[in-house]
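Structure first, commentary second.
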Amino acid sequence: MKLREIAHARTGDKGDVSNISVIAYRAEDYRLLHAVLTAERVRAYFGDTVRGGVRRHALPALCALNFVMDGALGGGVTRSLALDPHGKSLSSSLLDMELDDGGTAPQAAAPELRPPASGC
């Protein structure tokens, strides 16, 4: 199951630091996110894109996790030659992460909030 099936995300930046907030659609899904979406896993997922550390901040009242990634923006907006110097595409990339849910989350995911099936 892809992360986007149970959550959406927003990205922010400050200098060479990017942060991604991952917000579960439902409280039941937040419990799964909290268990499997670790800072180490996010760091490994982005590989060489993130040159520094990744810190995770849990926001249970919002059913959200916030990941702060150092060295993720090629020096920052004024220095980077990247096509996406603000790192806005990082959240979309993270939502493509496959989650190991033990076979339970697809039923728990909110079907009305899932993205439409592809095939156009």
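The values are calculated or read from the model by the stated rules, or taken from the named source; none is laboratory data. Bear in mind that the values here come from a model prediction, so they are computed numbers and not experimental data. Using ideal geometry, Cβ is built from the backbone for each residue, glycine included, and neighbour counts are taken over all protein chains shown.
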Within the range 53-73, the residues that are closer than 16 Å to GLY12 by Cβ and of a type outside the set (A, V, I, L, M) are ARG55, ARG56, HIS57, ASN66, PHE67, ASP70, GLY71
If I filter the range 33-65 down to residues being under 13 Å from LEU90 (Cα atoms) and surrounded by 14 or more Cβ atoms within 10 Å (Cβ to Cβ), which single residue comes out as nearest to the chain's Cα centre (by Cα)?
VAL42
ALA61 fails exactly one of the following numbered conditions: (1) part of a helix (DSSP H, G or I); (2) modelled with pLDDT under 90. What is the number of that condition?
(2)
Say whether the condition of being buried (at least 17 other Cβ atoms within 10 Å of the Cβ), touching a Phe, Trp or Tyr at 6+ places or on another chain (Cβ under 6 Å) and in contact (Cβ under 8 Å) with a residue 60 or more places away in the chain is met by at least one residue in the range 18-32.
yes
Please work out which one of (1) outside any strand (DSSP E or B); (2) at pLDDT below 95 is the condition ARG41 fails and give its number.
(2)
Would the range 6-14 turn up any residue that is touching a residue at least 12 places away in the same chain (Cβ under 8 Å), in a loop (DSSP other than H, G, I, E, B), crowded, with 20+ Cβ neighbours inside 10 Å and touching an Asp or Glu at 6+ places or on another chain (Cβ under 8 Å)?
yes
